[in-house]
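The values are calculated or read from the model by the stated rules, or taken from the named source; none is laboratory data. Here the structure is a predicted model, which is why all the values come from computation and not from measurement. Positions of Cβ are backbone-derived with ideal geometry, glycine not excepted, and every protein chain shown enters the neighbour counts. Side chains are part of the model used for accessible areas, which takes the heavy atoms of the whole protein and leaves out ligands, DNA and RNA. Shrake-Rupley method; radii C 1.70, N 1.55, O 1.52, S 1.80 Å.
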Amino acid sequence: MRADRTARTAGASGRDRSPAAHPLLWAAFAALAGGAVLCVIGWYGVSGERFAERQLPYLASCTVPGAALIVAGAVLLTHGRSALATARVEELYGLLVATEPTLSGERPPAPVATGDALLMVPGGTLWHRADCPLAEGKPTAVPADATILAAGALAPCPICEPPRPPEPDDPPAAPEPAPEH
């Protein structure tokens, strides 16, 4: 079922998962390995020579290009992982926003939560319906305080979409005393 859904969402988004990230990672690993081999060969050549004049060719032909390959491999590795992460985010986005065609006899899915009681979790940033999957079964969930909700300290849960709580009634204003003459 998951493979079917992935195939449908890949087709629905119009883009398949980016295959360019994997060759970039392989090139990065190859550059890192080649650079390490050149550095080891340069080190071995330099260590066998006593005089600096005889060490310079090893430095110029092996160690410097090896270090350049290591830097290039690190840059490619960073870019390849970034491209792979971007491809994964695009795939997840496609899974989240993909619309599945509804059949004519099929009813739309029921809402996630329908209760009218509002809950909040101390230290949280959202308020929920009592039957919201994010708050249901949490022993720390308490009834939502109307003054906290009215102050705007908590946002409504995007999953259960609770109704806006009623505004607390303002206390009636005290009548002004009449001026004395």
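See the values below:
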read-out	value
Enumeration of residues in the stretch 136-165 that are touching a residue at least 24 places away in the same chain (Cβ under 8 Å) and open to solvent by less than 70 Å² (accessible area, probe 1.4 Å)	Ala144, Asp145, Ile148, Leu149, Leu154, Ala155, Pro156, Cys157, Cys160, Pro162, Pro163, Pro165
Residue in the stretch 80-89 that is modelled with pLDDT of 80 or more and surrounded by 15 or more Cβ atoms within 10 Å (Cβ to Cβ) present	yes
Tabulated pairs, the stretch 24-53, first more than 22 Å from Ala87 (Cβ to Cβ) and modelled with pLDDT of 90 or more, second open to solvent by 50 Å² or more (accessible area, probe 1.4 Å) and charged (D, E, K, R), C-beta under 9 angstrom, 6+ apart or interchain	none
Ser61 vs. criteria hydroxyl-bearing (Ser, Thr, Tyr), at negative phi, surrounded by 14 or more Cβ atoms within 10 Å (Cβ to Cβ) and modelled with pLDDT under 80	no
Which listed residue, of Ala67, Ala85, Ala52, Ala60, is of a type outside the set (Val, Ile, Thr) and under 22 Å from Pro23 (Cβ atoms)	Ala85
Residue within the stretch 121-137 that is modelled with pLDDT of 65 or more, more than 25 Å from the chain's Cα centre (by Cα), basic (Lys, Arg) and part of a loop (DSSP other than H, G, I, E, B) present	no
